[in-house]
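Inspection log for the structure reproduced underneath, given as structure tokens.
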Amino acid sequence: MSLMTVAEVAEFLGVQEGRVERLERESLLMSKDKDDAGKPLFDKTAVEKYKEFAERIGGI
């Protein structure tokens, strides 16, 4: 399992980091772990699936 930081997810999705944090708070994108600073880490496969789903319904 490959984990992505908030910054990496934001770059991959083409959004700001605050948007990724909001997606996590709203349980639309679930984190798998936390880094040493307490920031969420996301499973790369889950992020890819979220992006595919979001694009199908009209955007991220």
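The values are calculated or read from the model by the stated rules, or taken from the named source; none is laboratory data. Owing to the predicted nature of the structure, the values given are computational and were not obtained by experimental measurement. With ideal geometry, Cβ positions are generated from the backbone for all residues, glycine too; neighbour counts draw on all protein chains shown. The area values use the complete protein model at the heavy-atom level, side chains included, leaving out ligands, DNA and RNA. Shrake-Rupley method; radii C 1.70, N 1.55, O 1.52, S 1.80 Å.
The conditions are (1) out of contact with any Leu (no Cβ under 7 Å at 6 or more places or on another chain); (2) surrounded by 13 or more Cβ atoms within 10 Å (Cβ to Cβ), and Ser31 fails exactly one of them. Which is it?
(1)
Just checking, which of Ala37, Ala54, Ala10 is modelled with pLDDT under 95, open to solvent by less than 60 Å² (accessible area, probe 1.4 Å) and among the hydrophobic types (A, V, I, L, M, F, W, C)?
Ala54
Kindly establish whether Thr5 is hydroxyl-bearing (Ser, Thr, Tyr) and either touching a strand residue (DSSP E or B) at 6+ places or on another chain (Cβ under 7 Å) or on the phi > 0 side of the Ramachandran plot (or both). Steps first, please.
Working: hydroxyl-bearing (Ser, Thr, Tyr): yes; either touching a strand residue (DSSP E or B) at 6+ places or on another chain (Cβ under 7 Å) or on the phi > 0 side of the Ramachandran plot (or both): yes.
Yes; evaluated as a whole, the condition is true for this residue.
Among the residues of the range 24-46, is any in contact (Cβ under 8 Å) with a residue 40 or more places away in the chain, of a type in the set (A, V, I, L, M) and on the phi < 0 side of the Ramachandran plot? Talk me through it step by step, then tell me what you get.
Here is the first cut: in the range 24-46, the ones in contact (Cβ under 8 Å) with a residue 40 or more places away in the chain are 43-45.
If we keep only those that are of a type in the set (A, V, I, L, M) too, we end up with none.
So far as the range 24-46 goes, no, none of its residues is in contact (Cβ under 8 Å) with a residue 40 or more places away in the chain, of a type in the set (A, V, I, L, M) and on the phi < 0 side of the Ramachandran plot.
Restricting the search to the range 21-60, which residues are within 16 Å of Ser2 (Cβ to Cβ), touching a strand residue (DSSP E or B) at 6+ places or on another chain (Cβ under 8 Å) and assigned to a helix (DSSP H, G or I)?
If the condition is that a residue be within 16 Å of Ser2 (Cβ to Cβ), touching a strand residue (DSSP E or B) at 6+ places or on another chain (Cβ under 8 Å) and assigned to a helix (DSSP H, G or I), then Lys44, Val47 are the ones that fit.
Does Glu26 satisfy the criteria of being open to solvent by 70 Å² or more (accessible area, probe 1.4 Å) and of a type outside the set (A, V, I, L, M, F, W, C)? Let's see the steps before the verdict.
Details: open to solvent by 70 Å² or more (accessible area, probe 1.4 Å): yes; of a type outside the set (A, V, I, L, M, F, W, C): yes.
Answer is yes for this residue.
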